[in-house]
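Working notes, structure below.
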Amino acid sequence: MTPPETSATGHARHQLDEHIHAPVRFSIVAALATVDESEFATVRDAIEVSDSVLSKQASALEAAGYVKVRKGYVGKRPRTWLSLTGRGRTAYAKHLTALREIAGG
């Protein structure tokens, strides 16, 4: 079996993004990567977490500059939308590349 390739900076695991690597945060970023913006409840249901878990993890991604949180109203009901920033999209692409390299793909 051929070992995974290493880059000039060593093993590909060093390229994994610590902000994205946690399973829930990875799921959030993956869900947002295919859309321009998504309503909070849609992301929550897609990744099967509670409101509080999604809120906490989305806040961590927002602090890293990877997710934009936008609040507003639909009629009189408050709503929250999530979207990936350009920085978040770049970080996600690099993270996926590292995962593929580790997996030998």
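Values as computed for the structure displayed
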{"item": "Nearest-0.05 FRET efficiency for A30 and I102, computed from C-beta distance (R0 22 Å)", "result": "0.85"}
{"item": "Gaussian network model of the chain, Cα within-10 Å springs - most flexible of V24, V35, V69", "result": "V35"}
{"item": "Amide H partners (placed H, <5 Å) of D17, local residues excluded", "result": "none"}
{"item": "Computed [θ] at 222 nm, helices only, for the chain once each DSSP H run of length n ≥ 4 contributes -39500 (n - 2.57)", "result": "-15000 deg cm²/dmol"}
{"item": "All lysines inside 21 Å of K68 as judged from Cα atoms, apart from same-chain residues fewer than 8 positions distant", "result": "K56, K94"}
{"item": "Under 5 Å, built H, 5+ apart or other chain: amide partners of V67", "result": "E62, T85"}
{"item": "Radius 11 Å from Cβ of L16, net charge of other residues (Lys, Arg +1; Asp, Glu -1)", "result": "-1"}
{"item": "Among G86, Y73, V29 the positive-end extreme of the charge dipole of the chain (Cβ point charges)", "result": "Y73"}
{"item": "Additional length obtainable on full extension of the chain from V53 to H11, 0.36 nm per residue less Cα span", "result": "12.0 nm"}
{"item": "Stretch gain in nm, segment R87-V69, where the contour uses 0.36 nm per residue and the Cα spacing is subtracted", "result": "5.1 nm"}
{"item": "Under the span-like rule (Cα at least 27 Å along the axis, Kyte-Doolittle mean at least -1.0), DSSP H helices of the chain", "result": "none"}
{"item": "Unit charges on C-beta of K, R, D, E only; dipole of segment 40-86, Debye", "result": "320"}
{"item": "Within segment 16-102: Cβ-based charge dipole about Cα centre, in debye rounded to nearest 20 (Lys, Arg +1; Asp, Glu -1)", "result": "340"}
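All of the numbers you see were taken from the coordinates with simple rules; none came from a lab. Nothing here was measured: the structure is a model prediction, and the numbers come from that model. Backbone-built Cβ (ideal geometry, glycine too); neighbour counts: all protein chains shown.
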